[in-house]
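K.L.:
Quick one: structure below, then a few questions.
Bear in mind that the values in this text are calculations on the coordinates, not laboratory data. Just so it is clear, the structure is predicted and the values come from calculations on it, not from any experiment. Backbone-built Cβ (ideal geometry, glycine too); neighbour counts: all protein chains shown.
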Amino acid sequence: MPHKTLTREEAVLKQVAGTDATVAFYNLHRQEVAQRYSNLCIGQIEGDPQFKSPYYKESHRRLQKAMRIFTDEELYPVAQECEKTGKRTPQELVDSMSKGILLMRIGPGKHLHGVNIMDGAVKGEDFDYFHDLIITQKMVQANARVFQDGNKAGMTISLTAVLQFANNEAWKNKTAQEVFSGKKEVYLAITEAFAGSDVAGLRTTAEKTQDGKHYIVNGTRNLVQPTITNGVFCDYFVTGAKTGKGLSVILIERGEGVETEAIKTSYSAAAGTTFITFDSVKVLVKNLLGEENKGLHVILSNFNHEGWMMACAVIRVRRLVTEECIKCSNQRLVFGKRLIEQPAVRQKLAKMIAHCEANQAWLESITYQMTLMPYKQQSAHLAGPIGLLKMFATRSAHAITDDATIEMFHRTYKLDAILGGAEEVLGDLGVRQVLKNMPRSML
C-alpha cells in the first residue's frame with residue numbers, strides 16, 4: 001500500500017494521543033480554542049468575585065452581563081470574519097444592534113427616553129455615561145480594531161450633529177429613525193486632502209442658488225476629496241463647507257454628484273475608508289445644521305464625547321492585550337519552563353498592568369464628573385482633562401507595544417494616537433486649559 005501522508009493536524013495529534021495533553025494543548029492554543037468545545041466540559045469553578053466600585057450600580061452590572069453575551073455570541077464571530085475578509089458589517093448584525101445598541105452608542109439623551117434596553121437591563125431615562133462606557137468597552141472586546149471603525153463608528157460622531165442642530169424637527173426624526181433602525185448610514189465628512197485636520201482651511205464651498213432654496217456644494221479648482229472612514233457604505237454625509245463669510249455644516253444625501261471610492265489601507269477594508277468627491281451637488285437649504293457661517297460650533301460640539309469614547313476604547317483594548325499576554329506567559333513553555341517564571345517577563349507584565357489600571361481609574365473619575373455636569377459645563381471644564389486622558393492612553397499603548405507582541409495591536413495602535421486630535425494637540429489643549437483657569441495670584 002502507498003504511504004499515507006499525515007495531515008498537519010494528524011501529525012500533531014499522533015504525538016500526544018493516549019496521554020494527558022493539557023500541557024501540550026495550552027502550549028499551542030489559547031483558552032478560546034477549548035471554549036469552542038464547551039459541550040465536553042464536565043464541571044466549572046463557581047464564583048466571580050468583584051472589587052467594589054462607587055460608580056457602578058445594579059443597572060450597570062446588568063448591562064455588562066447583557067453586553068458580554070451579545071459580544072461573545074453575536075459580535076465576536078462576525079467581527080473576526082469581517083476583519084479577515086474586509087467586508088462590511090452584515091445586515092443581520094445591524095438588525096440585532098438596532099434593537100437598542102445603536103441608540104446607546106450616541107450616549108445619554110432624549111433619544112433613549114421610553115426605550116427598554118436589552119430586555120430591561122436599563123431604562124433609557126436612566127442611561128448615563130457609565131452605561132455609555134460599558135457599551136464602548138464591551139464592543140471593542142471583539143478584538144477587531146478595523147471592524148470596530150467600520151461597525152457604525154462614524155454614526156457616533158456625526159448623528160449627534162443632526163440630533164442637536166437640525167432646523168426641522170420632522171426631518172431630524174426621519175433621518176434619526178433611518179439610522180437607528182440600521183436602514184441607512186451617516187458619517188462625518190470633514191477631512192480634506194488639502195486641509196487635513198485644519199478645519200479652517202477647508203476648500204469645499206456651498207453657494208446658494210438664486211432662489212435661495214438650495215446649496216450647490218463644490219470644490220475650488222480641484223474638487224474636494226475628503227478621506228472618510230465608512231464613506232464607502234454611507235447614505236448621509238455630515239459635511240463642512242465654506243458659505244461666504246464662514247464655515248457651515250450641511251447634511252448631504254448620497255445622490256447625483258456624490259462619488260465615493262474605496263481607499264486601500266494597510267489594515268483592512270472593513271473600515272470602509274473612502275475617497276469622496278462632491279461635484280456640483282444640489283442640497284436643500286433645510287439640510288443646514290445649526291446656523292449658516294457658524295459651523296465650527298457644530299463640528300466641535302461633540303469633540304469631548306468623541307475623545308472620551310476613543311479613550312474608553314483604547315484603554316479597554318490595552319487591557320485585552322495585557323490579558324492575552326498573561327494567558328500566553330502562563331501557558332507557553334520555553335526551555336522547560338513557563339514564561340511567567342522568568343522575572344523579566346513578570347516585570348513587563350507589571351508595567352502593562354500599571355498602565356491599564358491607572359488609565360481606567362482616570363477614565364472613571366472623568367466619567368463621574370460627566371454624569372454631574374450638563375454638556376455645556378463639560379465643554380468648559382472637561383475638554384482639557386479628556387484631551388490629557390486620551391494623550392496618556394495612547395502613550396500608554398505605545399509603551400505596552402514595547403513589551404507585547406500582539407499583531408493586531410502593533411498594526412493599529414498608532415491610529416488611535418491621531419484620531420480625534422493628535423497627542424501633541426490634545427496635550428497642549430490640556431495644559432492651556434490649566435493655565436487659563438489658574439488664579440492670577442499664582443503666577
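K.L.:
Tell me, what is the FRET efficiency for V285 and S379 to the nearest 0.05, using R0 = 30 angstrom and their Cβ-Cβ distance as r?
P.N.:
0.60
K.L.:
Can you tell me the 0 to 90 degree angle between the C-alpha axis of helix 58-70 and the longest principal axis of the chain, rounded to 10?
P.N.:
70 degrees
K.L.:
Each label point is 7 Å from the Cα along the Cα-to-Cβ direction; what then is the distance between the points at R411 and R68, in nm?
P.N.:
Result: 2.9 nm between the two label points.
K.L.:
Once the piece of chain linking K14 and A344 is laid out straight, how much longer is it, given 0.36 nm per residue of separation minus the C-alpha distance between them?
P.N.:
115.3 nm
K.L.:
I would also like to ask the following. With a Förster radius of 35 Å, plug the Cβ-Cβ distance of K57 and N330 into 1/(1 + (r/R0)^6) and report the FRET value to the nearest 0.05.
P.N.:
According to the calculation, E is roughly 0.55.
K.L.:
A further question follows. Largest first, please: the extent of the C-alpha atoms of the range 302-442 along each principal axis, to the nearest Å.
P.N.:
The principal-axis extents, from largest down, are 62, 31, 27 Å.
K.L.:
Looking at the range 304-361, I'd like the Rg to Rh ratio, where Rg is from alpha-carbon atoms and Rh is Kirkwood's inverse mean 1/r.
P.N.:
Ratio of gyration radius to Kirkwood radius for the range 304-361: 1.14.
K.L.:
Shifting gears a bit: Can you give me the Cα centroid spacing of the range 371-396 and the range 47-89 in angstrom?
P.N.:
Here the answer is 25 Å between Cα centres.
K.L.:
Mind checking which lysines have their Cα closer than 17 Å to the Cα of K348? Skip sequence neighbours fewer than 8 apart in that chain.
P.N.:
Cα-Cα hits under 17 Å: K327.
K.L.:
How large is Rg over Rh for the chain, taking Rg from the Cα atoms and Rh as the Kirkwood inverse mean of 1/r across Cα pairs?
P.N.:
1.01
K.L.:
Calculated from DSSP H runs of 4 or more alone, at -39500 (n - 2.57) each and per residue, what is the 222 nm mean residue ellipticity of the chain, nearest 500?
P.N.:
-14500 deg cm²/dmol
K.L.:
Here is a further query. Straight-line reach from K174: which lysines have Cα under 21 Å away, leaving out those fewer than 8 places along the same chain?
P.N.:
Of all the lysines, those that pass the test against K174 - Cα under 21 Å, at least 8 places apart if same chain - are K99, K110, K152, K183, K184, K213, K282, K286.
K.L.:
Next question. Students often forget the sequence filter, so: which lysines lie under 21 Å Cα-Cα from K52 once same-chain residues fewer than 8 apart are removed?
P.N.:
K65, K138
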